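The values are calculated or read from the model by the stated rules, or taken from the named source; none is laboratory data. Given the structure is predicted, the values throughout are model-derived calculations rather than measurements. Cβ sites come from the backbone with ideal geometry, for glycine too, and all protein chains shown count toward neighbours. Calculation scope for accessible area: heavy atoms of the full protein, side chains included, ligands and nucleic acids excluded. Shrake-Rupley method; radii C 1.70, N 1.55, O 1.52, S 1.80 Å.
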Amino acid sequence: MNKKPLAVLGAALAVALMSSACTPAGQTDASGNGKVTIKYSNFVSNGGHEKDLDAIVQAFQKENPNITVQVTTLPYKDYATALQTDLAAGTQADAFDIEYANLATYVNSGVLAPLDGVDDTKYRQSLLESYRVDGTQYALPSSFSNVVLYYNKDLFDAAGVSYPTADWTWIDETAAAKKITDSSAGVFGDFQNVTFYEFYKALAQTGGKFLSDDGKSVAFNSPEGIKAAEWLAQKSGTTMPTLAQGAGTPDFDTKLFKDGKLGMLHSGIWVASSFSDAPKNWDIVVEPGDTQKASATFSNAVGVSSNSKNKAAAQRWAEYMTNSDLAATTRIESSWELPPTSDESVLKDYLAKDKPANRKAVFDALEDVALTPVIGENQQEMVDIVTTALGEVEAKRSSASDALKAAADKVNALLK
Amino acid sequence: MTALQNSRAESPGPTATTKRNQGPGLRRKATGTRLKYALTIAAFLIPSAVPLLFFTIIPMFAAFWISLNQWNLVGPMKWVGLDNYSKLVSDPDTQGAFLHTIYYIVGYLPLVYVGGLAIALALNSRIKGRSLMRGLYFLPVVTSWIVVALVWRWLLNPSTGIVNWLLGLIGVAGPGWWTDPAWSMPSIILASAWKDLGFVMVILLAGLQAIPEDLYEAATVDGAGRWRRLFSITLPMLSPSTFFVVVLSLINGFQVFDQVYAMTGGGPNNSSQVVVQQIYDLTFRYGKAGEASALSWLLFLFILVITLIQVRGQKKWVHYA
């Protein structure tokens, strides 16, 4: 019994209204010796890379003795909400992580400062350009990553199935998953979230499109869409744990893989470092496709707040975080996400490291990319609509065609 | 209060007397006393009035202003007048959220009231260890909703939860609880009633203890049985407490959020999406603070009307001794 939610909302809105009168964070040292403290809020280091980020911060502060970086780290799940609330209240950090999918919203709202004088040559051009709007750079890519298929060699051996290869298709994956699944021992063959992020990729793998070419309506309500939805949904309860068995709760899938109870896991390269101790024998491979290959690629970036008092210092930090050699090597050393560097020799070091042995798959996956469909302001609502529809198919309460049709109508309404 | 006011006005304290002797005239004295009296009241009100002003009243009207705009919390506001309201009224998701909230109240209120009354009656009699029992029943009330919701999620887990295991022992195939759209709301109702049972019990227990014992003695002499006494003495005498519980539960019921957020997040397939969860999603997930504020105001007006109806209706059934 409490009225907290409304009160909290009210307080947040009150703060928001008053914020126009208040001055935002970011203070200059009163003594006037030029020392500044900037705040950086991030999600990229959460869950195992906090120390690596700290190493980059320490090195930056050594090179820039007048700048102190105060880091706030939040879980990815809560980050967008927290940032939005901070932006509304004017309490955002001087530099903060943003995702490509939210770039349009933030640029249109004028919360990102244009970044001039950045050394373009240090970045992978395609990544740098994706954070440019009408010729203005609004954020600097800090990393990129993609999704691959992790597999547990011991479980494959035990089931007498040969290891996945780059030529595998959905049919091979299903056959292997079925053989590996042993419900009496609590072993599952496969895990892939039944969500928007897997769906648009599966759709591309079977040759379909999520949005129409003009981007004004959806195209996923198609035979390919139905096939993709069914491909994801049929795993649940056969070769993959159901929602009731824990699927969908944070870290459930990685823990299952770590415990040696999961044959194959579709996940991003950012979880690789958490498997350094267990399971014993594992590797990665480019995700199987259906009629064609398609892998999801994500990038993160650092932006500078347009109302920061220390934009220059914040930009210097953003540049260091995204293009310094130290940041790049730290990312490689710790099997973090990949640095957005134009220097291919740095990336070669990544290939030279062991575990997983087949690191080449990370770069092979970049050859056939399925980009996240982006629709602007209503992005999160679209993501929720599609994920909810897929959940209905997964729980067998709706056919794929009915669920996708209903979802398509709803998303089309958002696109108007 | 009136008596107190009069006595104060008629016999001012020692300070006022001193002032009168020094002051220029009778008129001045009256104003001074009244001013002092007003300041005294203000001093006592300030600790609660200031937070109320800044955290409730100002945000309420700020929210009304926001509700007339389109705003993503981040960028500039865009004036849209009453568009947000007209959009919400015709929006099936909003209608669904109100229906689910009413479903929640219809399930929750009888359960928590009857359960709370039963426990209050039981613990009002002289049984051993009743103080301990009262404490135990009140424990969930002071426990965080997040903890309670997660525990209930485990209890009601369709495949590994203890509730379905127990049902299995007596040969009943348990439902899918929070994974099933048909059972998600009953799951939330069950957890909510369990948590609030102790609160209702305490209020009703206080009411029960205020009923004079001689009424029961007289009724017993007249030959009234146990049930007769319950319906003719206990329930009518308890009506002020009942009224309080019902009004409060309804107001809180319309604002149900924590348990929904933690147990189902409004799912599956929006089957447990309630109004406040909708407000939360609109604001913090979808960046539609204007629509969310409009929905907050609609909810406020809705609760206001329901509460006014209850206050009017109480004359018919509430008996103040």
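Is there a residue in the range B:246-267 that is touching a residue at least 24 places away in the same chain (Cβ under 8 Å), within 11 Å of chain A (Cβ to nearest Cβ), touching a Gly at 6+ places or on another chain (Cβ under 8 Å) and surrounded by 23 or more Cβ atoms within 10 Å (Cβ to Cβ)?
Checked the range B:246-267: at least one residue is touching a residue at least 24 places away in the same chain (Cβ under 8 Å), within 11 Å of chain A (Cβ to nearest Cβ), touching a Gly at 6+ places or on another chain (Cβ under 8 Å) and surrounded by 23 or more Cβ atoms within 10 Å (Cβ to Cβ).
Go through the range A:343-379 and count every residue that is in a loop (DSSP other than H, G, I, E, B) and either at positive phi or open to solvent by 50 Å² or more (accessible area, probe 1.4 Å) (or both). Full working, then the answer.
Initially, the range A:343-379 is screened for residues in a loop (DSSP other than H, G, I, E, B), giving A:343, A:353-359, A:368, A:371-378.
Checking the rest, the ones that are also either at positive phi or open to solvent by 50 Å² or more (accessible area, probe 1.4 Å) (or both) come to A:343, A:353-355, A:357-358, A:368, A:371, A:374, A:376-377.
The number of residues fulfilling the criteria is 11.
A:Phe188 is checked against (1) over 20 Å from A:Gln379 (Cα atoms); (2) surrounded by fewer than 18 Cβ atoms within 10 Å (Cβ to Cβ) and fails just one. What number does that condition carry?
For A:Phe188, the failing item is (2).
Checking the condition out of contact with any strand residue (DSSP E or B) (no Cβ under 6 Å at 6 or more places or on another chain), surrounded by 23 or more Cβ atoms within 10 Å (Cβ to Cβ) and closer than 23 Å to B:Leu68 by Cβ, which residue from B:Leu299, B:Leu295 passes?
Numbers: B:Leu299 fails: surrounded by 23 or more Cβ atoms within 10 Å (Cβ to Cβ).
It is B:Leu295.
Among residues belonging to the range A:231-271 that are within 11 Å of chain B (Cβ to nearest Cβ) and within 20 Å of the chain's Cα centre (by Cα), point out the one that is surrounded by the fewest Cβ atoms within 10 Å (Cβ to Cβ).
A:Thr249
Restricting attention to the range A:60-88, report how many residues are within 14 Å of another protein chain (Cβ to nearest Cβ) and among the basic types (Lys, Arg).
1
When you look at B:Ala206, is it assigned by TED's automatic domain parsing to the domain that holds B:Arg312 and in contact (Cβ under 8 Å) with a residue 12 or more places away in the chain, yes or no? It would help to see each step written out before you state the result.
Working: assigned by TED's automatic domain parsing to the domain that holds B:Arg312: yes; in contact (Cβ under 8 Å) with a residue 12 or more places away in the chain: yes.
Yes: the conditions hold for B:Ala206.
I'd like to know if the range B:38-46 contains one or more residues that are closer than 30 Å to B:Ile188 by Cβ and at pLDDT below 95. Don't jump to the end; show me each part of the working.
First pass over the range B:38-46, keeping only residues closer than 30 Å to B:Ile188 by Cβ: none.
Looking for residues that are closer than 30 Å to B:Ile188 by Cβ and at pLDDT below 95, one finds none in the range B:38-46, hence no.
Among the numbered criteria (1) assigned by TED's automatic domain parsing to the domain that holds A:Tyr197; (2) farther than 27 Å from A:Val286 by Cβ; (3) modelled with pLDDT of 90 or more, which single criterion is violated by A:Ser183?
Every listed condition holds for A:Ser183 apart from (3).
Select the helices (runs of 4 or more DSSP H) contained entirely in the range B:233-321, then report the ones holding at least 3 residues which are β-branched (Val, Ile, Thr). So that I can check it myself, show each step before the final result.
Details: elements: B:235-254, B:258-263, B:275-280, B:289-317.
Filter on the range B:233-321 gives B:235-254, B:275-280, B:289-317.
Scan the range B:260-270 for residues that are polar (S, T, N, Q) and at pLDDT 95 or above and jot them down.
Taking the range B:260-270 first, the residues polar (S, T, N, Q) are B:264, B:269-270.
The answer is none; no residue qualifies.
Given the structure, is B:Ala224 more than 23 Å from the chain's Cα centre (by Cα), part of a helix (DSSP H, G or I) and either within 14 Å of another protein chain (Cβ to nearest Cβ) or among the small types (Gly, Ala, Ser) (or both)? Reasoning before the result, please.
On the way: more than 23 Å from the chain's Cα centre (by Cα): yes; part of a helix (DSSP H, G or I): no; either within 14 Å of another protein chain (Cβ to nearest Cβ) or among the small types (Gly, Ala, Ser) (or both): yes.
Taking the combined requirement at face value, the residue does not satisfy it.
If we keep just the residues of the range A:191-212 that are of a type in the set (D, E, K, R) and closer than 23 Å to A:Gly248 by Cα, which is surrounded by the fewest Cβ atoms within 10 Å (Cβ to Cβ)?
Let us first name the residues in the range A:191-212 that are of a type in the set (D, E, K, R), namely A:198, A:201, A:209.
Okay, now just the ones that are also closer than 23 Å to A:Gly248 by Cα, so A:198, A:201.
On the way: A:Glu198: 20, A:Lys201: 25.
So the residue we want is A:Glu198.
Quick one: how many residues across the range B:174-200 are within 13 Å of another protein chain (Cβ to nearest Cβ), over 30 Å from B:Ser131 (Cα atoms) and open to solvent by 10 Å² or more (accessible area, probe 1.4 Å)?
Total satisfying the criteria: 10.
Within the range B:138-155, how many residues are within 10 Å of another protein chain (Cβ to nearest Cβ) and open to solvent by less than 30 Å² (accessible area, probe 1.4 Å)?
1
Six or more apart or on different chains, Cβ atoms under 6 Å: show the pairs whose first residue is in the range B:63-77 and more than 7 Å from chain A (Cβ to nearest Cβ) and over 20 Å from B:Leu299 (Cα atoms) and whose second is assigned to a strand (DSSP E or B) and open to solvent by less than 20 Å² (accessible area, probe 1.4 Å).
B:Met77/B:Asn69
Only one of (1) over 22 Å from A:Gln380 (Cα atoms); (2) touching an Asp or Glu at 6+ places or on another chain (Cβ under 8 Å) is not met by A:Val194, so which one is it?
(1)
So if I check each of B:Gly115, B:Gly207, B:Gly171, B:Gly135, which one is more than 14 Å from chain A (Cβ to nearest Cβ) and in a loop (DSSP other than H, G, I, E, B)?
Numbers: B:Gly115 fails: in a loop (DSSP other than H, G, I, E, B); B:Gly207 fails: in a loop (DSSP other than H, G, I, E, B); B:Gly135 fails: in a loop (DSSP other than H, G, I, E, B).
Checking each option against the conditions leaves just B:Gly171.
Suppose we filter the range A:291-321 for residues that are within 30 Å of A:Ala361 (Cβ to Cβ), open to solvent by less than 10 Å² (accessible area, probe 1.4 Å) and among the hydroxyl-bearing types (Ser, Thr, Tyr); how many remain?
Residues flagged as within 30 Å of A:Ala361 (Cβ to Cβ), open to solvent by less than 10 Å² (accessible area, probe 1.4 Å) and among the hydroxyl-bearing types (Ser, Thr, Tyr) within the range A:291-321 amount to 1.
Any residue in the range B:280-300 that's in contact (Cβ under 8 Å) with a residue 24 or more places away in the chain: show its pairings with residues that are not in a helix (DSSP H, G or I) and not hydrophobic (A, V, I, L, M, F, W, C) at Cβ separation under 8 Å, as long as the two are six or more apart or on different chains.
Cβ pairs passing all conditions: B:Gly287/A:Glu377; B:Gly287/B:Asn72; B:Lys288/B:Gln70; B:Lys288/B:Asn72; B:Ala289/B:Asn72; B:Gly290/B:Asn69; B:Gly290/B:Gln70; B:Leu299/B:Gln255.
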